[in-house]
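Structure record follows, encoded as structure tokens.
The values are calculated or read from the model by the stated rules, or taken from the named source; none is laboratory data. Just so you know, these numbers come straight off a predicted model, no measurement behind them. No Cβ is skipped: glycine too gets one built from the backbone with ideal geometry, and neighbour counts run over all protein chains shown. When the accessible area is computed, the model is the full protein with side chains, heavy atoms only, and any ligands, DNA or RNA have been set aside. Shrake-Rupley method; radii C 1.70, N 1.55, O 1.52, S 1.80 Å.
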Amino acid sequence: MTEKVKVTALKKSFGKLNVLNGIDVSIAEGEVVCVIGPSGSGKSTFLRCLNRLEKATGGEIIIDGYPILDKHININKVRQQIGMVFQNFNLFSHLTVKKNIMLAPIDSKKLTPAQAEETAMQLLKRVGLEDKADAYPHQLSGGQQQRVAIARSLAMNPDIMLFDEPTSALDPEMVGEVLQVMRELAEGGMTMVVVTHEMGFARDVADRVIFMADGVIVEEGTPEEVFGNPKEDRTKEFLSCVL
Amino acid sequence: MDFLRVLDEATPLLLQGLQMTVGISLLSLLFGMLLGLFTCLMSISKNKLLKGIAGVYIWIVRGTPMIVQAFIVFFGAPQLIQQFVPAFKIDAFTAGVITLSLNAGAYLAEIFRGGIQAVPKGQTEAARSLGLSKAKTMVKVVLPQAFKVALPSMVNQFIITIKDTSILSVIGLADIVNRAKVYVGKSYQFFATYIFVAIYYLVVISLLMIVSKYLEKRVSYDRKG
Ligand SMILES: Nc1ncnc2c1ncn2[C@@H]1O[C@H](COP(=O)(O)OP(=O)(O)O)[C@@H](O)[C@H]1O
Ligand SMILES: [Mg+2]
């Protein structure tokens, strides 16, 4: 399998606070990686370094062969290939659902306005929200907003998707609909990095589970290995609290 | 007190003044908006020098009365410039536009900055993560939302600027207050004349408020329903 993401000795600090203390990961094309770990362990920071929303302070990140920490790389072009879904959806509140999805493809000239609209409608159908095309974000439930946010990312036809606790801000009854969309995406072969507290999802969908604590990867392996037979005490302790 | 007589005699003069008041307000607000946007972008930029220039400009305008600013622009600056360019002259209108624009620009810069900072960071992050450039993110995502937040304060500043034109009558700008003074100097019809002046202001500012209510409705995308 081709290597999609390669992270080497990744370090990130905010001032004196060392948040990532040397992360090494390699992610293959089509692989679904779930990142779990206690809050404050640096999961979001790790994810945000992957599309340079946070500037790493050390190490190397290579995505699709591009060393994205290189100053000379056109980060906007790289980001067009990497979708990101946030905990708080972050839909553009001044735009309708359809316009939210159309903005980036048109701006990047990936699609003409007509094509972008067609794509938007197809994606909305895929996430079951075609009747909400002309609604504004605030008129939608949290689960619906998150599905739109996923559709918005997919409109750029990315080949990697990053999810930062996509269901943590949702009422329990809406978690399922979002996870379902993500599940379908995984089955469709998307390369995904998912920070999540949904252990059921990680167990069912992930090819690999990474357990992070204090800015390092403590343990990683298949869901069976990590959930069924954790080796490290930190992992056991964490899993006993969340399972 | 003779309202009909004043209406008859003063109206042409007051209308002249009104034209000046509205004209100089519009021109100054246009320049003030541009200056304000520019200054605001400077003040939120990471460049310390640009930030500093914006800060000092806003500090000076906020910390001095407009009447003093007008005196400096109209009397003070020309005196200085004449040392180098003896033929230099400035008329009341130009000095008025400069003073009002500088004044409105500083306050509008702060209003814009407040609007921009009120847009949640997640909006910018979402746009950047989709590959939009910094500039495109500003134009397509941040500014439209900032505009909505800033609109009421902007209108408030417009109103202040329109009313502040009256201060410029001290440098001889032929605005409506200046024209009224000329008329009462001859007729001693203080009460009726200034009531008319007040009505003119009320009409102009009410029109502005109607336009702004319409705009507010247009941009109220996040009102429920
Ligand atoms: N922008 C920031 N400035 C300063 N500290 C930050 C910033 N972002 C995150 N941190 C800190 O970094 C640590 C890791 O945060 P985060 O990556 O969000 O953890 P997680 O997602 O695992 O809960 C926390 O201690 C947090 O307070
Ligand atoms: Mg987090």
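Our summary gives chain A a relative contact order of 26 percent, counting only alpha carbon pairs under 8 angstrom and 6 or more residues apart.
Past the 27 Å Cα-Cα mark, which pairs from B:89/B:186; A:77/B:217; B:51/B:213; B:46/B:136; A:6/B:46; A:4/A:99? In this structure, B:89/B:186; A:77/B:217; B:51/B:213; A:6/B:46; A:4/A:99 exceed 27 Å between Cα atoms. For residue A:238, the shell of other residues with beta-carbons less than 11 Å away shows a net charge of -2, using +1 for Lys and Arg and -1 for Asp and Glu.
Taking the chain by itself as reference, segment B:116-136 contains these residues with an accessible-area loss of 20 Å² or more in the full protein complex (1.4 Å probe, heavy atoms): B:122, B:123, B:125, B:126, B:128, B:129, B:130, B:131, B:132, B:136. Against chain A, whose longest principal axis comes from its Cα atoms, helix A:97-107 is set at around 80 degrees.
Database remark: amide H of residue A:35 closer than 5 angstrom to the amide H of A:194, A:195, A:196, A:210 (H placed geometrically; neighbours at sequence offset of 5 or more, or on other chains; Pro and chain starts carry no H).
For segment A:70-78, backbone phi angles converted through the Karplus equation (6.51, -1.76, 1.60; θ = phi - 60°) give residue-by-residue couplings of 5, 4, 8, 7, 7, 5, 5, 5, 4 Hz, Gly and Pro being listed as x. Shown for the protein assembly as shown: the carbon plus sulfur share of the solvent-accessible area, taken with all protein chains present and a 1.4 angstrom probe, equals 60%. Over chain A, dividing the summed -39,500 (n - 2.57) contributions of all DSSP H runs of at least 4 residues by the number of residues returns a 222 nm mean residue ellipticity of -10500 deg cm²/dmol. Could you pull the accessible area for residue A:125 with a 1.4 Å probe, rounded to 10 Å²? Estimated to the nearest 10 Å², residue A:125 gives 130 Å². Taking one quarter of the surface of the convex hull spanned by the alpha-carbon atoms of segment B:3-224 gives a direction-averaged projected area of 16.2 nm².
Taking the longest Cα principal axis of chain A as reference, the axis of helix A:142-154 is set at about 90 degrees.
The chymotrypsin sites (Phe, Trp or Tyr not before Pro) of segment B:1-100 that meet both conditions, a loop assignment by DSSP and at most 15 other Cβ atoms within 10 Å of the site Cβ, are B:84, B:88.
Using the Cβ-Cβ distance between residue A:8 and residue A:29 with R0 set to 22 Å, the FRET efficiency works out to roughly 0.75. The 3J(HN,Hα) values that the Karplus relation (6.51, -1.76, 1.60; θ = phi - 60°) gives for segment B:146-156 are, in residue order, 5, 4, 4, 5, 7, 3, x, 5, 4, 4, 4 Hz. Gly and Pro appear as x.
Work out how much length residue B:68 to residue B:199 would gain on full extension: take 0.36 nm times their residue separation and subtract the Cα-Cα distance, in nm to one decimal.
44.4 nm
What the Cα convex hull of segment A:41-170 gives, in volume per residue, is 109 Å³. Dividing the summed -39500 (n - 2.57) terms of all DSSP H runs of n ≥ 4 by the residue count of chain B sets its mean residue ellipticity at 222 nm at -26000 deg cm²/dmol. Counting only aspartates and glutamates at least 8 places from residue A:110 when in the same chain, those with an alpha carbon closer than 18 Å to its own are A:118, A:159. Note on residue A:114 and residue A:225: their simple-model spin labels are 5.2 nm apart, each label 7 Å out from Cα toward Cβ. Give me the Debye-computed log₁₀ of I(q)/I(0) at q = 0.07, 0.08, 0.11 Å⁻¹ for the protein assembly as shown, equal point scatterers on Cα only, no solvent, two decimals. Evaluating at q = 0.07, 0.08, 0.11 Å⁻¹ gives log10 I(q)/I(0) of -0.53, -0.64, -0.93. Whole-Hz Karplus values for segment A:12-26 come out as 8, 10, 9, x, 8, 7, 7, 9, 10, 10, x, 10, 10, 8, 10 Hz, taken residue by residue from phi with 6.51 cos²θ - 1.76 cosθ + 1.60 and θ = phi - 60°; glycine and proline positions read x.
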